[in-house]
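For reference, the structure is listed below as structure tokens.
The values are calculated or read from the model by the stated rules, or taken from the named source; none is laboratory data. Predicted model, so just to flag it, every value in this text is computed and none were measured. When we count neighbours, we look across all protein chains shown, and the Cβ atoms used for this are built from the backbone with ideal geometry, even at glycine. Please note that ligands, DNA and RNA were not included when accessible areas were found on the heavy atoms of the full protein model with its side chains. Shrake-Rupley method; radii C 1.70, N 1.55, O 1.52, S 1.80 Å.
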Amino acid sequence: MLSTADLKTKIEAAIPGTTLKLVRESLLLENPNDLLKVARFLKESDLGLDYLSSVTGADYLTYLESVYHFYSMAQKSGPVVLRVRTDRQNPQIPSLTALYRGAEFQEREAYDMYGIVYEGHPDLRRVFMWEGFEGWPMRKDYQQEDSETLEMADVAWLENQGVKVPEPIKAKAEELEKQGKRALAQKPGQPEPQ
Amino acid sequence: MIFGTGILQGLMVTLKNFVTSYFKAPDEGGIFTVEYPEKRLPEKERFRNFPFLLYDKNPENLRCVACDICAKECPPKCIYIVREFDKDGKPLKRPAVFDIDFTVCMNCGICEEACPFDAIYMDHEFEIASADRHAKLLYHRDDLLKSNEYFHKIRPTDASAIDARRREAEEKKKAAEAAALAAQKAKEAAAAQAKPPEPPKPAAGA
Amino acid sequence: MTEKTFSLHGAGDMDTQTLEINIGPQHPSTHGVFRMNVVLDGETIVSLKPVMGYLHRNHEQIAENMSYTGSMPYTDRLDYFNSMSNNFGYAMAVEKLANIEVPERAHYIRIIMAELTRLVNHVSVIGFLLNDLGAFFTPVLYAFREREKILDIFEEVAGARMMCNYLRFGGVKYDLSPEVLARIAGILKKFPKFLEEFETLLTKNEILCMRCQNVGVLPAELAVSASVTGPMLRASGVNYDIRKADNYSLYERFKFRVPLGQKGDVYDRYYVRILEMRESLKILEQAVKEIPAGDIMSKKMVPFLKSPRNFKPPVGEAYARVEAPKGELGYYVVSDGTAQPWRYHVRAPSFINLTILEDLCIGQKVADAIIILGSVDIVLGELDR
């Protein structure tokens with residue numbers, strides 16, 4: 001197996017126009033649009049990386065990242081770690097599903113958790129969260145609802161169902177409503193969300 | 001092979017198991033199940049269920065010092081501790097409130113591992129089912145207290161090892177205290193002997 | 001199987017409609033809260049969409065808000081049949097991240113536990129597969145009888161039968177006593193006899209053969225490209241076992257073979273699991289015989305047992321994978337130098353092996369879809385995370 005630096009020169013020589021950067025023991029692809037070309041090269045060249053083990057997203061506050069771990073089943077070598085970065089507002093990365101079927105569900109998961117849109121994916125829907133869920137739960141700025149505290153909407157729903165809501169809980173909900181705040185959970189070890 | 005022999009051979013296996021279940025020992029193919037409320041399997045010493053608080057001799061003398069380490073390390077955050085204060089508002093080394101929500105606790109045993117004062121251990125008690133999960137499964141300090149003798153009963157090896165370690169630490173502490181006291185006394189004695197103090201040496205060059 | 005529209009005799013040109021049904025989420029054949037959205041033409045499956053997330057609790061986010069050791073008990077709850085191998089993968093990832101050496105004895109204990117787990121998993125999954133086939137509960141009970149003996153050992157060693165929480169970074173929590181080793185050796189003596197009996201019951205059973213052979217055939221190329229791993233991949237004839245490919249822990253010391261299937265149908269998946277158990281027994285025999293004396297925890301990590309929150313791996317990332325009974329279980333951990341991981345991801349074999357469920361089921365009958373799902377071997381705790 002080649003070292004990561006050798007692999008970088010090899011890929012850059014084979015596919016003109018791509019630029020890679022070394023990040024620890026992995027290759028960072030500067031232009032996301034080259035991803036398909038690079039993946040095809042990894043799969044079809046003598047590297048023989050026919051097995052895409054893991055696809056996952058990650059949030060680094062200023063950008064989102066998609067990380068790929070390639071292995072070779074034929075040569076029993078690997079891993080080659082490829083990472084692609086994209087901005088948070090409009091995250092778009094080409095999908096590898098056409099090349100590696102195994103990316104199908106994993107890209108759906110990364111989309112579900114981070115909102116990374118994989119272009120060309122045949123069926124990009126939420127996979128774990130329900131349809132109609134808003135927000136991207138694994139992003140670092142995601143604010144989680146507090147399941148212990150009720151909001152006025154919850155109180156109204158409960159009363160509609162014929163449940164008598166205890167006074168202190170209702171007062172708290174009204175207080176929140178007055179302040180225009182939502183009932184957000186405080187993450188352990190982190191200050192209250194602003 | 002004639003069609004159906006596989007099935008017949010398989011049925012012979014079930015027949016054999018049926019017959020042996022009446023005669024053989026559980027390990028040899030006999031009945032393996034135990035009719036639970038009447039019969040019970042012996043408990044394994046390391047078996048862990050929910051935590052309890054340990055006290056020495058009497059319940060006033062509990063080991064917990066309300067340091068909050070277990071509450072911080074608890075992965076599902078099911079422990080809630082409030083320190084006790086005396087009348088003057090001075091913090092005491094004991095918890096006023098020590099609540100464990102058994103509906104949240106996941107029996108991992110990390111509190112036991114993290115406790116530096118050997119105060120919290122995992123219990124063997126598992127029959128705590130109740131119809132009211134909010135009131136009955138939130139255990140307060142006094143429900144959680146159990147004696148060291150009980151701990152010796154459920155986990156003899158661990159308990160004796162911990163007791164030996166604590167005794168050793170205590171003896172060391174006592175020895176250190178005694179040594180410190182002796183040193184103090186010796187110092188005082190030396191100071192008394194050295195009286196009257198030597199006159200200060202004249203400064204050089206004076 | 002052909003995709004023929006349903007027709008009555010003498011009414012061949014009758015209009016037919018496809019029927020859309022949900023199998024699950026509350027259905028015993030789906031092994032948990034899992035739903036298959038199936039479109040049927042008569043009894044033949046035209047399309048099948050797996051729907052999941054009913055057990056989703058965002059394990060990854062929980063772990064990102066927790067100390068490294070704090071997520072160890074949560075990994076037990078991924079694939080709750082195999083808590084030991086889940087612990088194994090996570091411990092390996094963090095050890096790689098923080099560059100921790102593991103003592104030899106701890107390696108042996110981990111391998112013994114991982115292989116016992118494999119026996120537990122395979123034996124019960126075969127039982128469940130037979131349940132799906134309609135052999136109601138006799139094979140499961142035989143399987144659970146054997147599983148019980150192994151779970152007793154887990155309880156004796158780790159304190160819990162299923163949620164073991166036994167491994168720690170740099171070693172294991174408790175040592176194995178000689179009595180426990182003797183008991184494991186006793187199980188190893190009896191297990192082959194049980195396997196033989198189990199095989200007499202099942203392997204040549206004509207009903208099992210007819211139901212399972214040539215059903216749900218997974219071609220090797222599709223299996224590789226769809227990242228299918230574990231016994232399912234090997235049943236398709238691809239020689240890829242991470243224990244051999246990566247030689248992680250001390251697996252290179254043990255002699256064992258990788259059983260392969262030929263066709264990749266349900267029957268091969270069943271039989272590969274039986275053969276894998278035999279190989280696991282070989283590994284266990286060698287491990288129990290050769291286990292060396294020594295430490296069970298790395299010296300560097302002993303202080304962190306008492307204070308998990310002070311354990312702060314250096315900035316970096318690691319991906320570690322183990323051959324869990326269901327396939328490749330990978331953990332991707334990124335550290336930012338604090339006590340909590342910045343990113344924690346689980347590559348769950350149950351989840352990814354389901355990618356090709358639709359391909360396997362199209363053109364088959366509904367009853368076959370159930371056993372195909374049974375032969376994939378999913379656990380919802382791991383699938384939904």
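For the subset of region B:138-188 comprising residues that are β-branched (Val, Ile, Thr) and open to solvent by less than 60 Å² (accessible area, probe 1.4 Å), which member is farthest from B:Pro42 (Cα to Cα)? Let's see the steps before the verdict.
Quick first cut of region B:138-188, residues β-branched (Val, Ile, Thr) only: B:154, B:157, B:162.
Among the residues that remain, those that are also open to solvent by less than 60 Å² (accessible area, probe 1.4 Å) are: B:154, B:162.
Working: B:Ile154: 11, B:Ile162: 23 Å.
Per the criteria, the residue is B:Ile162.
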Test: residue in region B:45-57 that is of a type in the set (S, T, N, Q) and surrounded by fewer than 19 Cβ atoms within 10 Å (Cβ to Cβ): no
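Could you run through region C:109-140 and say how many residues are among the polar types (S, T, N, Q) and open to solvent by 10 Å² or more (accessible area, probe 1.4 Å)?
Kept after step one, since they are among the polar types (S, T, N, Q), are these residues of region C:109-140: C:117, C:121, C:124, C:131, C:138.
Pick out the ones that are also open to solvent by 10 Å² or more (accessible area, probe 1.4 Å) and you get C:131, C:138.
Residues that pass the stated criteria total 2.
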Strands (runs of 3 or more DSSP E) fully within region A:56-161 counting 1 or more residues that are more than 16 Å from the chain's Cα centre (by Cα): A:63-72, A:77-87
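Report whether or not C:Ala160 is of a type in the set (Gly, Ala, Ser), surrounded by fewer than 21 Cβ atoms within 10 Å (Cβ to Cβ) and facing chain B (nearest Cβ under 10 Å). If you could, list the steps in order and put the result at the bottom.
Working: of a type in the set (Gly, Ala, Ser): yes; surrounded by fewer than 21 Cβ atoms within 10 Å (Cβ to Cβ): no; facing chain B (nearest Cβ under 10 Å): yes.
Answer is no for this residue.
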Residue satisfying all of: in region A:82-97; in contact with a helix residue (DSSP H, G or I) (Cβ under 8 Å, 6 or more places away or on another chain) and open to solvent by 20 Å² or more (accessible area, probe 1.4 Å); nearest to A:Thr56 (Cα to Cα) among these: A:Arg85
Number of the condition not met by C:Phe136 [criteria: (1) over 27 Å from B:Asn107 (Cα atoms); (2) in contact (Cβ under 8 Å) with a residue 12 or more places away in the chain; (3) more than 10 Å from chain B (Cβ to nearest Cβ)]: (2)
Identity of the residue in region C:177-192, aliphatic (A, V, I, L, M) and more than 12 Å from chain B (Cβ to nearest Cβ), that ends up farthest from C:Phe311 (Cα to Cα): C:Leu188
Test: C:Arg234 is at pLDDT 90 or above and of a type outside the set (A, V, I, L, M, F, W, C): yes
Single condition C:Thr203 does not satisfy, out of (1) in contact (Cβ under 8 Å) with a residue 12 or more places away in the chain; (2) of a type outside the set (A, V, I, L, M, F, W, C); (3) buried (at least 19 other Cβ atoms within 10 Å of the Cβ): (3)
Test: residue in region C:211-223 that is within 18 Å of the chain's Cα centre (by Cα) and assigned to a helix (DSSP H, G or I): yes
Matching residues, region A:11-50, being free of Cβ contacts under 8 Å to residues at least 12 places away in the same chain and assigned to a helix (DSSP H, G or I): A:Glu12, A:Ala13, A:Glu44
Selected residue (only one of C:Ser47, C:Ser67, C:Ser71 is of a type in the set (Ser, Thr, Tyr) and surrounded by fewer than 17 Cβ atoms within 10 Å (Cβ to Cβ)): C:Ser47
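For region C:59-86, how many residues meet the condition of being under 20 Å from C:Val334 (Cβ atoms) and either of a type in the set (Phe, Trp, Tyr) or within 14 Å of chain B (Cβ to nearest Cβ) (or both)? Break it down into steps so the answer makes sense when it comes.
Step one: list which residues in region C:59-86 are under 20 Å from C:Val334 (Cβ atoms), which gives C:59-72, C:74-75, C:78, C:86.
This time we only want the ones that are either of a type in the set (Phe, Trp, Tyr) or within 14 Å of chain B (Cβ to nearest Cβ) (or both), so: C:59, C:61-72, C:74-75, C:78, C:86.
Residues in region C:59-86 being under 20 Å from C:Val334 (Cβ atoms) and either of a type in the set (Phe, Trp, Tyr) or within 14 Å of chain B (Cβ to nearest Cβ) (or both): 17 in total.
Working carefully through the options B:Gly4, B:Gly89, find the one that is within 12 Å of chain C (Cβ to nearest Cβ) and more than 30 Å from C:Pro308 (Cβ to Cβ). Spell out how you get there, then give the answer.
Working: B:Gly89 fails: within 12 Å of chain C (Cβ to nearest Cβ).
Answer to the check: B:Gly4.
To keep it simple, each residue is scored yes or no on (1) out of contact with any strand residue (DSSP E or B) (no Cβ under 8 Å at 6 or more places or on another chain); (2) closer than 19 Å to C:Thr69 by Cβ; (3) in a helix (DSSP H, G or I).
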| site | (1), (2), (3) |
| --- | --- |
| B:Tyr80 | no, no, no |
| B:Arg83 | no, no, no |
| B:Asp99 | no, no, no |
| B:Met106 | yes, yes, no |
| B:His124 | yes, no, no |
| B:Glu127 | yes, no, no |
| B:His134 | yes, no, yes |
| B:Lys146 | no, no, no |
| B:Thr157 | yes, no, yes |
The lone exception for C:Asn247 - which of (1) within 14 Å of chain A (Cβ to nearest Cβ); (2) in a loop (DSSP other than H, G, I, E, B); (3) crowded, with 19+ Cβ neighbours inside 10 Å it fails: (3)
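Considering every residue within region B:50-70, establish whether at least one is within 14 Å of chain C (Cβ to nearest Cβ), without any contact (Cβ under 8 Å) to a residue 12 or more places away in the chain and within 18 Å of the chain's Cα centre (by Cα). I'd like the intermediate steps shown before the answer.
Applying the first criterion (within 14 Å of chain C (Cβ to nearest Cβ)) to region B:50-70 yields B:50-51, B:67-70.
Then keep just the ones that are without any contact (Cβ under 8 Å) to a residue 12 or more places away in the chain; that gives none.
No: region B:50-70 contains no residue that is within 14 Å of chain C (Cβ to nearest Cβ), without any contact (Cβ under 8 Å) to a residue 12 or more places away in the chain and within 18 Å of the chain's Cα centre (by Cα).
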Residue under evaluation C:Glu104, criteria (1) within 14 Å of chain B (Cβ to nearest Cβ); (2) open to solvent by 30 Å² or more (accessible area, probe 1.4 Å); (3) of a type outside the set (Gly, Ala, Ser), criterion not met: (1)
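Give the residues of region B:31-44 that are at the interface with chain C (Cβ under 10 Å from one of its Cβ atoms), of a type outside the set (A, V, I, L, M, F, W, C) and out of contact with any Asp or Glu (no Cβ under 7 Å at 6 or more places or on another chain), sorted by residue number. Give the derivation first.
First pass over region B:31-44, keeping only residues at the interface with chain C (Cβ under 10 Å from one of its Cβ atoms): B:31-33, B:41, B:43-44.
In the following step, the residues that additionally are of a type outside the set (A, V, I, L, M, F, W, C) were identified as B:33, B:43-44.
Those that are at the interface with chain C (Cβ under 10 Å from one of its Cβ atoms), of a type outside the set (A, V, I, L, M, F, W, C) and out of contact with any Asp or Glu (no Cβ under 7 Å at 6 or more places or on another chain): B:Thr33, B:Glu43.
In this structure, does C:Gly53 turn out to be more than 14 Å from chain B (Cβ to nearest Cβ), touching a Phe, Trp or Tyr at 6+ places or on another chain (Cβ under 7 Å) and either open to solvent by 40 Å² or more (accessible area, probe 1.4 Å) or closer than 30 Å to C:Ser249 by Cα (or both)? Can you show your working first?
On the way: more than 14 Å from chain B (Cβ to nearest Cβ): yes; touching a Phe, Trp or Tyr at 6+ places or on another chain (Cβ under 7 Å): yes; either open to solvent by 40 Å² or more (accessible area, probe 1.4 Å) or closer than 30 Å to C:Ser249 by Cα (or both): no.
In short, no.
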Pairs, first over 19 Å from A:Thr86 (Cβ atoms) and assigned by TED's automatic domain parsing to the domain that holds A:Tyr100 in region A:54-75, second open to solvent by 10 Å² or more (accessible area, probe 1.4 Å) and part of a strand (DSSP E or B), C-beta under 8 Å, six or more apart: A:Phe70/A:Gly78; A:Phe70/A:Pro79; A:Phe70/A:Val81; A:Tyr71/A:Ser77; A:Tyr71/A:Gly78; A:Tyr71/A:Pro79; A:Ser72/A:Gly78
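What do you reckon, is B:Lys87 without any contact (Cβ under 8 Å) to a residue 24 or more places away in the chain and either hydrophobic (A, V, I, L, M, F, W, C) or not in a strand (DSSP E or B) (or both)?
Yes.
Which is charged (D, E, K, R) and open to solvent by less than 10 Å² (accessible area, probe 1.4 Å), of A:Glu30, A:Glu12, A:Glu44, A:Glu65? Reasoning before the result, please.
On the way: A:Glu30 fails: open to solvent by less than 10 Å² (accessible area, probe 1.4 Å); A:Glu12 fails: open to solvent by less than 10 Å² (accessible area, probe 1.4 Å); A:Glu44 fails: open to solvent by less than 10 Å² (accessible area, probe 1.4 Å).
The match here is A:Glu65.
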Scope region B:79-114; condition under 12 Å from B:Asp68 (Cβ atoms) and among the aliphatic types (A, V, I, L, M); matching residues: B:Ile79, B:Ile81, B:Val82, B:Val97, B:Ala114
Qualifying residue in region C:134-156 (condition: closer than 19 Å to C:Ser85 by Cα, touching a helix residue (DSSP H, G or I) at 6+ places or on another chain (Cβ under 8 Å), basic (Lys, Arg) and assigned to a loop (DSSP other than H, G, I, E, B)): no
Set B:Ala71, B:Ala129: member being among the small types (Gly, Ala, Ser) and open to solvent by 40 Å² or more (accessible area, probe 1.4 Å): B:Ala129
